[in-house]
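Nothing in this text is a laboratory measurement; each read-out follows from the coordinates by a stated rule. Keep in mind the model is a prediction, meaning the values are calculated, not measured. Note: ideal-geometry Cβ built from the backbone for every residue, glycine included; neighbour counts use all protein chains shown.
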Amino acid sequence: MRILTISGSLRTKSSNTAVLIAAARLAPPDWEVVHYDGLANLPHFNPDMDTDRPPPQVLALREQIGLCQGLLLCSPEYARGVAGTLKNALDWLVSSLEFPDKPVALINASQRATSADAHLRLTLTTMSAQLIEAASITLPLLGRNLDADGIVSDNVLSEQLRAALDCFAHAIAVNR
């Protein structure tokens, strides 16, 4: 099973990216986890450019979405909303054929980031994503300054993350 991860943060030492790296390490052995790293290279969404031949970076993103069986997203909250870089990527996927009905799990890396999580859920359901609630969790990382190794070695966090991944795998398998 191929899972695409997307972090809404461009920070080098992002806790959101660390969560996704930890998830890849804790994923079931039959998963191929691929991290999408082209977020910063996507052009600003412009409907005039969303034609039969969108920019190559958009085609590459859509191709990655089409190749995966599920998406695992983790994004920070900025000004009580979804990070602009992630929202931009989602805007480019609105008219794509690859995105509708795609299973998606959300990992929230901060117990205080409730507004972005709610906005992201609304956006994804509007876009016809198959949001897997049982696999969408909040990890209490705020103020802990953990990298991927720290998340994996923390028994409580790794257990929560592994359980969410197992739920995600089950939901994808059931809906195939």
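For the chain, averaging the sequence separation of C-alpha pairs within contact (under 8 Å, six or more residues apart) and dividing by the residue count gives a relative contact order of 27 percent.
For the chain, a Gaussian network of Cα nodes joined below 10 Å ranks Val104, Val34, Val19 by mean-square fluctuation, and the top entry is Val34. Treating the angle as unsigned and between 0 and 90°, give the value, to the nearest 10°, between the Cα long axis of helix 15-26 and the longest Cα principal axis of the chain. Once rounded, one gets 70 degrees. Of all the options Thr114, Thr125, Thr12, the one that moves most in a Gaussian network model of the chain with Cα springs shorter than 10 angstrom is Thr12. Remark: Ser136, Ser153 ranked as Ser153, Ser136, counting other beta-carbon atoms within 10 Å and listing the fewest first. Fully extending the segment from Arg2 to Val94 would add 31.0 nm, taking 0.36 nm per residue of separation and subtracting the current Cα-Cα distance. Between the Cα long axis of helix 56-67 and the first principal axis of the chain there is an angle of about 60°, rounded to the nearest 10.
With each label modelled as a point 7 angstrom along the Cα→C-beta vector, the Ala79-Gln57 pair spans 2.0 nm. Relative to the Cα centre, the charge distribution of the chain, modelled as +1 at Lys and Arg Cβ and -1 at Asp and Glu Cβ, gives a dipole magnitude of about 300 debye.
Comparing Cα centroids, segment 76-134 and segment 138-176 end up 18 angstrom apart. First check a/c for segment 57-115, with a ≥ b ≥ c the square roots of the eigenvalues of its C-alpha gyration tensor; if it is under 1.5, answer rounded, and if not, answer prolate when a/b is larger than b/c or oblate otherwise. Verdict is prolate for segment 57-115. I'd like the orientation of helix 114-126 relative to the chain: the angle between its Cα long axis and the longest Cα principal axis, in ° from 0 to 90, rounded to 10. Tilt relative to the chain: about 40 degrees.
Using R0 = 45 Å, the C-beta based FRET efficiency linking Asp149 and Asp50 works out to 0.70.
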